[in-house]
1. Among the residues that make up the stretch 30-46, is at least one of them under 26 Å from Leu259 (Cα atoms), of a type in the set (Gly, Ala, Ser) and surrounded by 14 or more Cβ atoms within 10 Å (Cβ to Cβ)?
2. How do the helices (runs of 4 or more DSSP H) wholly within the stretch 1-99 filter down when requiring 2 or more residues that are farther than 30 Å from Ile159 by Cβ: which remain?
3. Name the residue that is farthest from Ser380 (Cα to Cα), counting only residues in the stretch 392-422 that are in contact with a strand residue (DSSP E or B) (Cβ under 6 Å, 6 or more places away or on another chain) and of a type in the set (A, V, I, L, M).
4. Out of the residues in the stretch 272-303 meeting the condition of being under 22 Å from Leu83 (Cβ atoms) and among the polar types (S, T, N, Q), tell me which one is surrounded by the fewest Cβ atoms within 10 Å (Cβ to Cβ).
5. Is there a residue in the stretch 414-426 that is within 21 Å of Phe338 (Cα to Cα) and either at pLDDT 95 or above or outside any loop (DSSP other than H, G, I, E, B) (or both)?
6. Just wondering, is there one or more residues in the stretch 119-127 that are surrounded by 24 or more Cβ atoms within 10 Å (Cβ to Cβ) and at pLDDT below 95?
7. If Ser261 meets every condition in (1) of a type in the set (Ser, Thr, Tyr); (2) more than 24 Å from Pro195 (Cα to Cα); (3) at pLDDT 95 or above apart from one, which number is that one?
8. Looking at (1) surrounded by 13 or more Cβ atoms within 10 Å (Cβ to Cβ); (2) modelled with pLDDT of 95 or more; (3) among the aliphatic types (A, V, I, L, M), which is the only condition Ala383 fails?
Amino acid sequence: MKSLADWLAHAEHLHPKNIELGLDRVREVGRRLGLAFECPVITVAGTNGKGSTCAMLEAILMSAGYRTAVFTSPHLVRFEERLRLSGEAVHADALAVHFEAVEQARGDMALTYFEFTTLAILLCSAASKPDVAILEVGLGGRLDAVNMVDADCAVITSIDLDHMEFLGPDRERIGFEKAGIMRPGKPAIVSDPVPPQSVVDHAEAIGADLWRVGRDFSVSGDKQQWGWTGRGRRYSGLAYPALRGANQLVNAAGVLAALESLRPQLPITAQAVRNGLATVELPGRFQIVPGEPALVLDVAHNPHAVAALAENLDAMGFYPTTHGVFGVMADKDLAPMFARIGPMIDHWYFTDLPTPRAAKAADLMAQWQAQNQRADASASAHAAPMEALQAAIDRADPADRIVVFGSFFTVGGVLEHGTPRLRAKHLPPDA
């Protein structure tokens, strides 16, 4: 039998395009496979916050005793991370069986890499007979392969400008694409505080049960705790989610609305909510790794996410020097990212990434230099994320911090051999 690595290599060469949106191909192959879920399905779309939302849903539902299947993408280090069954990454061999089934069913149908892998993951998810499936949209919503499955509850997180060549030139058009995961008569949770009108209009046009912040659910709180109020239910005295960052409360509010909307099928206790929010983990989302210097890992790779990262860095307090390791895809809007986070980063370490879609480190450095206003800031270019991180470690003092951000490839590149624990060279061995 072919290994998972063999199947992934095979999937890369089936279709001339890396991305071709549309549901006709996957729906037809899914029909041939008899792909269906016998449990509630929660589908999550949005520009930022999808992974965090999926992780919080998973943690709370597992705390309530449910068996979960969670499909997220992309992965940080290993492909198997894309499917978690009851909190554990799927075994490569278990996945390979389902790749074989997709290959048999597709016949001469040309599937993209994402379509082929999505079908195999969905098949594996359904075969595990979960109590609930949580599916993260890869790109957009309406035409994304994940949308071949009808959601019992749709969650739309933040909506901002990203992937504009595929989704459209503004928030209204992008919002319409993301609203495509909604289904008539089913709950549609929108956790963006100011959603595009296109999202609201689409929900009304199809008769979805729209839940909006400020109307159907709201949050309140102080520095110690927070509370959530929904349609006829309240949670008070909640600890802040274990995932760090101001933006996580917006995500958590949407999560609680989704769970409330599904209460008839998936009842949960207040204790499960508390336990889930307290124990949720997700690498690479404002992940702070203690050490000397401190290390921050964040997959912020668009202006909206970088603005949230800058806010969170600001809230960390004083560090003498901040070093930034950064690598990103070539299609990203760099100017607003540099403008927002540039004042906080003293030394940049730009990195190449192992994908043809990535911007070259030298090009990133040139674009940074073209707009840099700080005479005291510096930059260098590196061939790989670990090489860039090492350069930062070599230059850093123990009291500094290093921020690794940008593409999943950037953060994944420094997590490849486990989470680094930093000890600056200035420290004596017994410090």
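1. Taking the stretch 30-46 and keeping what is under 26 Å from Leu259 (Cα atoms), we get 35-46.
Right, trim to of a type in the set (Gly, Ala, Ser) and you get 36, 45-46.
Retained after the next criterion (residues that are surrounded by 14 or more Cβ atoms within 10 Å (Cβ to Cβ)): 45-46.
Looking through the stretch 30-46, at least one residue is under 26 Å from Leu259 (Cα atoms), of a type in the set (Gly, Ala, Ser) and surrounded by 14 or more Cβ atoms within 10 Å (Cβ to Cβ).
2. Values: elements: 4-11, 24-33, 50-63.
Filter on the stretch 1-99 gives 4-11, 24-33.
3. Filtering the stretch 392-422 for residues that are in contact with a strand residue (DSSP E or B) (Cβ under 6 Å, 6 or more places away or on another chain) and of a type in the set (A, V, I, L, M), the one farthest from Ser380 (Cα to Cα) comes out as Leu422.
4. Per the criteria, the residue is Thr279.
5. Here is the first cut: in the stretch 414-426, the residues within 21 Å of Phe338 (Cα to Cα) are none.
No, the stretch 414-426 contains no residue that is within 21 Å of Phe338 (Cα to Cα) and either at pLDDT 95 or above or outside any loop (DSSP other than H, G, I, E, B) (or both).
6. Within the stretch 119-127 (the criterion being surrounded by 24 or more Cβ atoms within 10 Å (Cβ to Cβ) and at pLDDT below 95), the answer is no, since none of the residues qualifies.
7. (2) is the only condition that Ser261 fails.
8. For Ala383, the exception is condition (1).
The values are calculated or read from the model by the stated rules, or taken from the named source; none is laboratory data. None of these values were measured; they are calculated from a predicted model. We place every Cβ from the backbone using ideal geometry, glycine too, and count neighbours over all the protein chains shown.
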